[in-house]
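J.: Take a look at this one; I'll ask things after.
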Amino acid sequence: ACSSTNESGNNTGAKGSPSAETGGEAANKKLKIGFTVANLANTYFVDLSEGVKARAQELGYDVTVHDGKGDAVQQVNAIENFITQKLDVIVISPVDDKALEPVVKKAKEAGITVVSSNQNVAGSDAFLTVPEYEYGMAIGEQAGQWIADKLGGTAEVAIIDYPELKVIIERANGIKDGILKHAPDAKIVANQSANTVEKGMRAMETILQAHPNVKVVAAVNDAGALGVYEVVKAAKKDTPDFFIGGLDATQEALKKIKEDGIYRATIDIAPVGMGRQIVDTAVKVIAEGPIAEPIAVNMIPVTLSNVDEFIQ
Amino acid sequence: MGEPLLALRDISKYYPGVKALDGVSIDFRPGEVHSIVGENGAGKSTLIKTITGAIEPTSGSIRYNGVEMSGMNPIYALKEGISAIYQEFNLIPSLTVAENIFYGRELGGRFMIDRREMNARSSQILSQLGVNVRPQSLVKDLSVGFQQIVEIAKAISGNAKVLIMDEPTAPLTSSEVEKLYEIVDKLKRQGMTIIYISHKFEEIFRLSDRITVMRDGKYIRTLQREDTNRSELVSLMVGRALGQHYPPKASRTGAAVLEVKGLSNPQVNDISFTLKEGEILGIAGLVGAGRTELVRAIFGVDPISAGELLIRGKRVKIRHPMDAIGYKMGLIPEDRKQHGALLNMDVKFNISYASLDKIASFGFLHKKKEKNLATDYIAALAIKTPGELQAVKNLSGGNQQKVVLAKWLATQCDILIFDEPTRGIDVGAKQEIYALMRNLVGENKSIIMISSEMPELIGMSDRVLVMKEGSLTGEVAGDEMTQERILTMATE
Amino acid sequence: MPIRAILVKYGIYIVLLLLVFFFSVASDAFLSVDNLLNILRQVSIVGIVAVGMTFVILTAGIDLSIGSIIGVSAVLAAKLMLFGVHPALAFVLTLVAGIVIGLVNTYFIHEIQIPALIVTLATLTALRGIAYIITGGLPVYGLPEGYSFIGQGYVMGIPVPVILMLACFAVGYFVLEKTRFGRYVYGVGSNEEASRLSGVNVRKIKYIAYCLSGFLSALAGLVLLSRVNSGQPTAGTGYELDVIIGVVLGGVSMNGGEGRISGVITGILIMGVLTNGMILLNISEYYQLVVKGAVLLLAVSLDYVSKKRRVKVAHT
Amino acid sequence: MPIRAILVKYGIYIVLLLLVFFFSVASDAFLSVDNLLNILRQVSIVGIVAVGMTFVILTAGIDLSIGSIIGVSAVLAAKLMLFGVHPALAFVLTLVAGIVIGLVNTYFIHEIQIPALIVTLATLTALRGIAYIITGGLPVYGLPEGYSFIGQGYVMGIPVPVILMLACFAVGYFVLEKTRFGRYVYGVGSNEEASRLSGVNVRKIKYIAYCLSGFLSALAGLVLLSRVNSGQPTAGTGYELDVIIGVVLGGVSMNGGEGRISGVITGILIMGVLTNGMILLNISEYYQLVVKGAVLLLAVSLDYVSKKRRVKVAHT
Ligand SMILES: Nc1ncnc2c1ncn2[C@@H]1O[C@H](COP(=O)(O)OP(=O)(O)OP(=O)(O)O)[C@@H](O)[C@H]1O
Ligand SMILES: Nc1ncnc2c1ncn2[C@@H]1O[C@H](COP(=O)(O)OP(=O)(O)OP(=O)(O)O)[C@@H](O)[C@H]1O
Ligand SMILES: O[C@@H]1[C@@H](O)[C@@H](O)CO[C@H]1O
Ligand SMILES: [Mg+2]
Ligand SMILES: [Mg+2]
C-alpha cells in the first residue's frame, strides 16, 4: 500500500517546481542518479524513494537507492561510492546534514549535481524542504483547536515523540507549541518515545495507567499514532471528545480518519509526489543551474472534511 | 573356549603423521576379563573407540555375536550391549549423579522420566560400589575421584554384555579400587565380557584372564595370565627389558626449604610440616582426604584462612600461583584436562607456557629458543607426538601428562609439587619420570609428591605424610613406610 | 532461613520484588490489575520467543535470527491473508515457515559445523531482506476482522497473548524438567561429546531446539501482527537482544546446560516491569536507557555474588 | 600443492579473491585505485574496532559495548572541543574514557564474574543513554577546522583512517604473534584455570584486552567524528554485529584461543567489498541483505567444510 496522494507531484504546489516537460527537454542523455535515503525502515522514505524511482523510470534514467539505516557514516560511504561511479546526480535525504558537507563538496568538485531533500546539505544545488518545526506545528494546531473547541480549552495531553532522531526533536517542539498556541491551558502530562505501531501501543498502554484522563494524543508520525489508536479503542476510552493526531498521511491513518472515530487528523506531505519532484528538480538544475531558494513542499492537514481527496 | 563374542580383524586408524592402529586383530571371548596393555600412545584407547563406534576406523572389520558390524556408532553399540568408560571425562556436569548414571536410558515412560526411581536405583548402585554420594548431588560439585565412581556406576548400571574400561582406576585410591575388583568379579560371574585397560600391573594380574600387548599401534601378542609375568609384559610393551623399578634413594637431605605452619582453610585443618632440600616428601590419603586442597593452598590457588609459609627460613605471602612461581615453586595438578594442559594449543605452546620469561626479552619471544625448548623436552621425556606443533588434545592421555610435566620442568623451579604425577603413564615412562625426579633432588631441588599408588609412594618418597579428612594424621619414614601402616593412619 | 541463604537461592526473584515494591510506592498507577495485565501483555511477545531461546541456549547454542523470523512471519501471514488464504491456514503455514527456518539454521550449525552465532547472524540479515522484499518495504494492512483476537482478544479477562505466553512457559517448564528430551537438552549443552557417547541423538536434539525457536518466533510474529493489526517488515528488529537479556538475566548460562524456565520468566518480567514503571514515572527515554543498563548489571551482580558465596559455603 | 590443500589453508582468502574477481568483471568502476581506497576507508572504523574485539574474543570474551563506546566518544570529544578544550587534549581524554569503560566492563566480568555478554549488553544500553544525555539527542556541530584531518585527511595519497587501521592491524599482529602478552591472550582463552595455575596474571590479561577494545573503540569514535564532522549521539549503533561478523568470518573462534589477525583483516575486507560491490552493481537494498546473509553463510561454510575435510583427510 503506497501512501502517495498525488502521483503527479504538481499538487504539491511548490513554487519553482519544474514540469516534467522542461525536464524531458533538458536531459538528452540518460542520467545516472544515486539516492541515499536516511532510513528505509521508515515508510515515509520508502514512499519518497518510490517516487524518485518511478519518475526516473519514466524518463529512462538509472537510479541507485541506498539505505542510510539512520547512520551518517553509511551515507558518507555511499556518496563516496557514487563519486567513484561518476554518477550525474546525487540525491541526499540526510540523517544529518552537517555530516555530509565535506563529501558533498567532493561531489561538487567532481562535477556532480547534488540535490538535498528534507534537510539541506550546504553546497547542494537545490533543496526540497519539509520544515520540521512547522510540520509538527501543523498537527499541534489541529490538536489545540480541538481542545479549544470540544474540551473547553483544557485537557490532559500526551505527546508521542522520538527524541532519538534529531529532526524529530524539532518536530515535537512544533507539536507542543502548536497545541499551546490554541489551548494555552492544556496540560502536557506525558512525553514518550515511539516511532512504530508496536512502540506506540506499549507507550499508550502505560500512559493510560498513569494518566487515565488523557483526552488528546499527538504523535510525530502516523505509525505511533496508530498504535495509540489501537490501545485507546481496546481500553474503551474512544469517547466522542477524544483526539488522536499523527503525521505523514499514511493510507491506514486516512482510513481511520474516514471512519469518523477518534483518529481525527494527519498532515499530508505527499512523499511519492515529492520523490518525483526531486528528479524533476535535478533535471532543472542541470539545464538551468542551481536553485538557491528552498523548495517547500505543501503541508495539507487532512481531517474528516477533506479525507476523501487523499484516500486511494 | 568357543566362538569369540567380539572379533576385531585388521583394524587400522591413521591420523596425519600417526598410525594410531596398524592392522590390529584381537578376539574377545564371552565371559572373560581381557586386559590390553601398552605404552602411552600404543593405541589402546583408539582401539576401544573403534569398538564402540566413537571413531570410525580407516579400515578393518568387527564381528560381534557372529555378525559383521559396519558403520558402528555409539547409539547402536549401547543398544547391542557394548558399554564403555572412556579415558576422557564423559559426564554431564550440570546434571545430578542419578541423572548421569541413567543418562541416555532414563527410567520412566516413553517421554517422562521417573526421578524418584532413578535416585533410588542410583543409591543402590553407589552403595554397591561402597561410596556414599547423594544421587541428587550435581556432578560438577564432586571431586575427580567421585566423578570417576559415577562413571563406573553409569557403565555397570545397564545390562551390558561387553563392558570396556579405559583406565578406570586412575583417579581412585586403594579402597575404591578394591570395590571395583569385587564388582568386576561379580560381573564376570554373570557372564559379562570385560575389556580392561590399565597401566597398573597389580590390577592386570589381579583381574585378567588374558592379556593383550600392543606396541606402536600394532598387535603384539595375547597371553594367558597364568603363563606370563610382569617382566615379560614389560619387555613386550617396551620392546626391551627394563631394570630396577625405583631408583635408589638419596643418602641424606639438606636444610629446610619450605616450612608450613598451622595452615588452615575450609578444606584443610592446621597443617604443619617441613620439606627439606634434596628430599622427596610423599603425601598419602584416601580420596577426599584433602591432599589436593593442601597443595593448592600452599601454591596460592585457593585462599588460606590461617597459617604461614616459610621458604628457606623467610616468611612469605603467597596469594596467587604467580607468587609461588616467583619463589621458584611449581605445581603439576591432578586434573590435567582442566588445570594442566591447554588442550587446543600445540605441544610447543604448552611446554613453554610457564617459562616464557626465559625465552623472551622485553616481552618479545625468541621463536628459535622456544622451539628448542620444546624439542628438548619432547626428546627428554620421550613424548610421543608427530611434532611440536601437534595440538595436545590429539595426544594420548599419558603423553598429555608428559607435556604438563615438561611445562613445569622447563621453569627450572626448586620446589616441585607433583599431584598424582604418573596417573595414566606407562611403565617405561614412569621409570623415566622416577629417574628424573631423583635427578632433580640430586640437584638439590625438593619435591612433594601426592600419589594414590602406595608402592610408588613408598618406593619414591624419603618420608610420607598421611592425611585424613583435611588433617595430618601421621608421618612415616624409613622402614616404617609400609602399606599397612600408612593405610591405618589414613583410615584410623 | 538466614538472610544470606535467601539471597543466594532467590536473588533474581528478590530483584523483581524490589522493583515491584519500588514502583508501587513511586507511582499510584503501577499496582493495579489492569497495569499488571499490561505488563504481561507487553512482555508476551518477547516471553514466547524466550522459551525457544532458552532451549537453544541450554544446548550451548544461540539464535540471533528470531527478530527477523518475527518480521518475516508477520508479513508472510499478512500477505497470505490478503491473498485470500483462510486465516487458520495462513496461521499454520507461517508456523511451518518458522520451523523450516529452524531447520536451515540447524543444518548449517550441526551438519556444516558453523558457529551458531554466525549462522543466525546470517539468517537474521537475509530474512530481514526477505521481509522487505515480500512487502516492498511498506506495511501490509487490511487483515480480516476476526484475526485481531490472537493479539487483542481476552479470555476470561486475560489477554490472549498473555495466555499464549503462559502456556509456552508451562510447556517449556514441563518439558525441561520432566521429560527425557529435557535431560538431553541440558546434556547436549553441558557436554556434547559425552552425550553422543551415551547414545543420545545429538543431531535430533539440536534440530528440535532450533525448530522450536523458529516455531515460537513465528508464533510471536503472528501475535505481533494481530496486536498491531498490520504486517510491518521491520517488526521484531532488535528483539534478539531483549530476549537474550531476559533469558540470561534469568540465570541461563551462555555456555549451555544450566538454567531454568522459572528464572527466565523472572528475567523477562524484570525487564517488563522496568520499562513500564519508568514510562509511568515519565522518565525520559535517555535516562531509561541508563537505568536499564544499570539495573541489568546490578541484578545479575546480586545473583552472581550470592552464587559465588554459595560455592564458598559448599566448601565449608 | 593440490587444490584441496590450498582450499583448506586459504579458504577465506580465496573467498575474498573470488569476490574481487567477480566485482571486477561485473563493474567497471570496481577495480580502480580510488575505489579500492574507498573500500579501505569505509571499513576503517569497523577494522580498528575489530582489532580490539579480536583480543577480547581470543580471551573467550565478547564486547558488545563497542558501538556505544563509539557513540559516547564521538559526542564527548565534540563537546570537549566545543567547550574550548584543545583538540589534542580532547583526543587524549576521550581515549582515556574508552579505557575507563574497558575497566568497568572488566570489573564486572572478572571480579564479579558476570558473563561478558551480559555486562557489555548492559554497558551498551547505558552508554547509549549517556550519549543522548550528553547531547540532548542533537548532533554536536562546530568542530575546530583542523580536526577533520583524522577522518578525512590523506598522507601520501592514503586516507588517514586507512593508515590508522593498518597500523592497528600491524600492531595487533605483532603483539599476538611475537610477544609474551600475545601468548597469554591465547592461553587465557584456551584454558583460563590452567593459565592461572601456570602463573599467568589472568586478571591483568583480561583488563588489558577489554581496555584495548575500549581504547580502540574510542579511537574509532574519534575517526568517525572527524569523518562526519559532527558528534552524533547515535553514532556506532549496531556496529557490534559488523565487527563480530568480520572477526568470526576471519576464523576467530567464539570459544577463545583460536584465530589470527590476518584472517580478521580478510573477514573485514570481505564484508567491505561486498557492500561496495553491490552498491556499484545497483542491487536493491533489500536484495543486498539477502545476498549478504547468503555470502556470509557460504564463505564460512567453505572455510569450515575445508577444515572438516582436513579432519576427514586425517581420518583416511
Ligand atoms: N584425533 C587425533 N589426531 C591425531 N592423532 C591422534 C588423535 N587421537 C589419537 N592420536 C594419536 O594416536 C596414538 C594412539 O593414541 P591412544 O590414545 O589410542 O593411545 P593409548 O594407548 O590409549 O595411550 P595412553 O596409555 O596414553 O592412554 C597416539 O600417538 C595419539 O597421539
Ligand atoms: N561424599 C562426598 N560427596 C561429594 N563430595 C565429597 C565427598 N567427600 C568428599 N568430597 C569432596 O572432595 C573434596 C576432596 O577431594 P580430593 O579429591 O580433592 O581430595 P584428595 O585428598 O586430593 O584426594 P585425591 O587427590 O586422591 O583425589 C572435598 O572438597 C570434598 O568437598
Ligand atoms: O521519520 C519521519 C517520517 O515519519 C516522516 O514524517 C518524514 O520525516 C521523517 O524523518
Ligand atoms: Mg588411552
Ligand atoms: Mg587429589
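The values are calculated or read from the model by the stated rules, or taken from the named source; none is laboratory data. Being a predicted model, the structure only gives us computed values, none of them experimental. Every residue, glycine as well, gets a Cβ built from its backbone with ideal geometry; the counts of neighbours run over all protein chains shown.
J.: If B:L281 passes every condition in (1) on the phi > 0 side of the Ramachandran plot; (2) within 16 Å of ligand 2 (Cβ to nearest atom); (3) part of a strand (DSSP E or B); (4) not polar (S, T, N, Q) but one, which one does it miss?
T.: (1)
J.: Quick check: is even one residue across region B:305-313 within 16 Å of ligand 2 (Cβ to nearest atom) and surrounded by 21 or more Cβ atoms within 10 Å (Cβ to Cβ)?
T.: No, every residue in region B:305-313 fails to be within 16 Å of ligand 2 (Cβ to nearest atom) and surrounded by 21 or more Cβ atoms within 10 Å (Cβ to Cβ).
J.: Where in region B:287-396 are the helices (runs of 4 or more DSSP H), entirely inside, with at least 1 residues that are within 17 Å of D:E193 (Cα to Cα), assigned by the TED database to the domain that holds B:M467 and away from ligand 3 (no atom under 16 Å from the Cβ)? Break it down into steps so the answer makes sense when it comes.
T.: Values: elements: B:291-298, B:321-326, B:347-352, B:367-380.
So the answer is B:291-298, B:321-326, B:347-352.
J.: Only one of these conditions is not met by B:L107: (1) under 23 Å from the mean Cα position of the chain (by Cα); (2) away from ligand 5 (no atom under 16 Å from the Cβ); (3) surrounded by fewer than 23 Cβ atoms within 10 Å (Cβ to Cβ). Which number is it?
T.: Going through the list (1) under 23 Å from the mean Cα position of the chain (by Cα); (2) away from ligand 5 (no atom under 16 Å from the Cβ); (3) surrounded by fewer than 23 Cβ atoms within 10 Å (Cβ to Cβ), B:L107 breaks only (1).
J.: Condition test on B:G326, is it modelled with pLDDT under 95, away from ligand 2 (no atom under 12 Å from the Cβ) and within 11 Å of chain D (Cβ to nearest Cβ)?
T.: Considered against the rule, which asks whether it is modelled with pLDDT under 95, away from ligand 2 (no atom under 12 Å from the Cβ) and within 11 Å of chain D (Cβ to nearest Cβ), B:G326 comes out as yes.
J.: Let me ask something else. Quick one: is C:Y132 more than 14 Å from chain D (Cβ to nearest Cβ) and touching a residue at least 24 places away in the same chain (Cβ under 8 Å)?
T.: Working: more than 14 Å from chain D (Cβ to nearest Cβ): no; touching a residue at least 24 places away in the same chain (Cβ under 8 Å): yes.
The answer is no for C:Y132.
J.: I would also like to ask the following. Checking the condition in contact with a Ser or Thr (Cβ under 7 Å, 6 or more places away or on another chain), without any contact (Cβ under 8 Å) to a residue 24 or more places away in the chain and not in a helix (DSSP H, G or I), which residue from C:L31, C:L64 passes?
T.: C:L31
J.: In region A:186-206, how many residues are facing chain C (nearest Cβ under 7 Å) and among the hydrophobic types (A, V, I, L, M, F, W, C)?
T.: 4
J.: Still on this structure: Here are the criteria: (1) in contact (Cβ under 8 Å) with a residue 12 or more places away in the chain; (2) more than 14 Å from chain A (Cβ to nearest Cβ); (3) in contact with a Gly (Cβ under 9 Å, 6 or more places away or on another chain). Tell me which single one D:L197 does not satisfy.
T.: Tallying (1) in contact (Cβ under 8 Å) with a residue 12 or more places away in the chain; (2) more than 14 Å from chain A (Cβ to nearest Cβ); (3) in contact with a Gly (Cβ under 9 Å, 6 or more places away or on another chain), D:L197 fails exactly one: (1).
J.: Against the conditions (1) free of Cβ contacts under 8 Å to residues at least 60 places away in the same chain; (2) closer than 27 Å to D:A60 by Cβ; (3) within 13 Å of ligand 2 (Cβ to nearest atom); (4) touching a helix residue (DSSP H, G or I) at 6+ places or on another chain (Cβ under 7 Å), where does B:N350 fall short? Just the number, please.
T.: Just one mismatch for B:N350, condition (3).
J.: Could you grab the pairs with beta carbons closer than 6 Å, sequence gap of 6+ or different chains, first residue in region B:30-45 and more than 14 Å from every other protein chain (Cβ to nearest Cβ) and in a strand (DSSP E or B), second one within 10 Å of ligand 4 (Cβ to nearest atom) and modelled with pLDDT of 90 or more?
T.: B:I36/B:K44; B:I36/B:I197; B:G38/B:K44
J.: Take D:A170 and tell me if it is part of a helix (DSSP H, G or I) and crowded, with 16+ Cβ neighbours inside 10 Å. It would help to see each step written out before you state the result.
T.: Numbers: part of a helix (DSSP H, G or I): yes; crowded, with 16+ Cβ neighbours inside 10 Å: no.
No.
J.: Given the options B:I425, B:I433, name the one that is in the same structural domain as B:L465 (by the TED database) and outside any helix (DSSP H, G or I).
T.: Numbers: B:I433 fails: outside any helix (DSSP H, G or I).
After ruling out the rest, the residue left standing is B:I425.
J.: So in region B:110-137, with the set limited to residues that are part of a loop (DSSP other than H, G, I, E, B) and facing chain C (nearest Cβ under 9 Å), which one is surrounded by the fewest Cβ atoms within 10 Å (Cβ to Cβ)?
T.: Here the residue is B:R110.
J.: Also: Return the only residue of C:V248, C:V252, C:V243 being more than 9 Å from chain D (Cβ to nearest Cβ), crowded, with 22+ Cβ neighbours inside 10 Å and in a helix (DSSP H, G or I).
T.: Being more than 9 Å from chain D (Cβ to nearest Cβ), crowded, with 22+ Cβ neighbours inside 10 Å and in a helix (DSSP H, G or I) holds for just one of C:V248, C:V252, C:V243, which is C:V243.
J.: Report, by residue number, each residue of region A:215-271 that is in a helix (DSSP H, G or I) and either within 16 Å of ligand 5 (Cβ to nearest atom) or under 13 Å from the mean Cα position of the chain (by Cα) (or both).
T.: A:D222, A:A223, A:P271
J.: Of the conditions (1) part of a loop (DSSP other than H, G, I, E, B); (2) within 14 Å of chain A (Cβ to nearest Cβ), C:K79 satisfies every one except a single condition; which number is it?
T.: In the conditions (1) part of a loop (DSSP other than H, G, I, E, B); (2) within 14 Å of chain A (Cβ to nearest Cβ), C:K79 misses (1) alone.
J.: Does region B:380-401 hold any residues that are modelled with pLDDT of 90 or more and either more than 16 Å from ligand 1 (Cβ to nearest atom) or more than 22 Å from the chain's Cα centre (by Cα) (or both), and which are they?
T.: Selection gives B:P386, B:G387, B:E388, B:L389.
J.: Kindly indicate which of B:I448, B:I417 is within 14 Å of chain D (Cβ to nearest Cβ), assigned to a strand (DSSP E or B), within 16 Å of ligand 5 (Cβ to nearest atom) and not basic (K, R).
T.: Going through B:I448, B:I417 in turn, the sole match is B:I417.
J.: Output yes when any residue across region B:258-281 is in the same structural domain as B:V427 (by the TED database), more than 16 Å from ligand 4 (Cβ to nearest atom) and over 25 Å from B:R463 (Cα atoms), and no when none is.
T.: Yes: one or more hits.
J.: Now a separate question. Output yes when any residue across region C:236-246 is among the small types (G, A, S), more than 20 Å from A:E205 (Cα to Cα) and in contact with a Ser or Thr (Cβ under 6 Å, 6 or more places away or on another chain), and no when none is.
T.: no
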